[in-house]
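Take a look at the structure below.
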Amino acid sequence: MTIGSPEPIGPTQPGYSPPAAVYPPPALACRWCGMPGAPAQFRTIAAAVIFMSIRTMPGPFCQTCGVATFRTSTARTLALGWWGFPAFLLNLIFIATNLHALRAVKRLPTVNIRPPAPQLPTGRPLHRRPVAYIAVAPIGWMLFGIAGLIVHISTGRL
């Protein structure tokens with residue numbers, strides 16, 4: 001230390017303030033009910049030939065509200081997302097991203113406390129919703145078209 005320079009302040013000297021405590025970030029709370037949540041985002045697409053509508057539901061979501069949002073948005077996407085060419089491709093992407101978001105929500109631990117606000121009703125599972133089976137028609141048309149193309153290529157005629 002040089003002459004005339006102030007002495008460093010240390011824990012034994014007056015004027016010392018301890019470093020600020022490092023606190024963990026606050027837990028994410030579900031956007032619907034306030035329970036502990038996970039960051040997730042569910043998307044819905046509805047298309048009609050050249051028009052399409054995309055809706056995004058950002059999180060965070062608790063396990064119950066996340067499953068309910070997944071079921072609602074994916075059922076709507078399965079029913080209405082196939083009816084346009086760009087939407088057809090986006091629909092596949094949105095279904096995959098919704099499944100990925102559902103995995104993040106399902107990883108949350110089960111909490112046995114009463115939520116601060118009402119949770120979303122989960123409703124019926126996706127495979128028990130009739131509207132989800134509308135997707136069978138465009139997928140069947142696509143498979144029929146691919147089969148016809150293969151027959152045409154292999155035989156050389158229609």
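Taking region 9-53 as the range and being in a loop (DSSP other than H, G, I, E, B) and at pLDDT 85 or above as the test, the residues that pass are LEU28, CYS30, ARG31, TRP32, CYS33, GLY34, MET35, GLY37, PRO39, ALA40. Here LEU80 passes the criteria (1) more than 29 Å from ALA29 (Cα to Cα); (2) over 19 Å from the mean Cα position of the chain (by Cα) except the one numbered (2). Give region 114-158 a look and list any residue that's part of a loop (DSSP other than H, G, I, E, B), over 16 Å from ALA68 (Cβ atoms) and open to solvent by less than 70 Å² (accessible area, probe 1.4 Å), or say none. Listed by number, the list holds a single entry, GLY156.
The set of residues in region 96-113 that are in a helix (DSSP H, G or I), over 14 Å from CYS65 (Cα atoms) and open to solvent by 70 Å² or more (accessible area, probe 1.4 Å) comprises LEU99, HIS100.
The values are calculated or read from the model by the stated rules, or taken from the named source; none is laboratory data. Just so you know, these numbers come straight off a predicted model, no measurement behind them. FYI the Cβ positions are ideal-geometry reconstructions off the backbone, even for glycines, and counts take in every protein chain you see. Please note that ligands, DNA and RNA were not included when accessible areas were found on the heavy atoms of the full protein model with its side chains. Shrake-Rupley method; radii C 1.70, N 1.55, O 1.52, S 1.80 Å.
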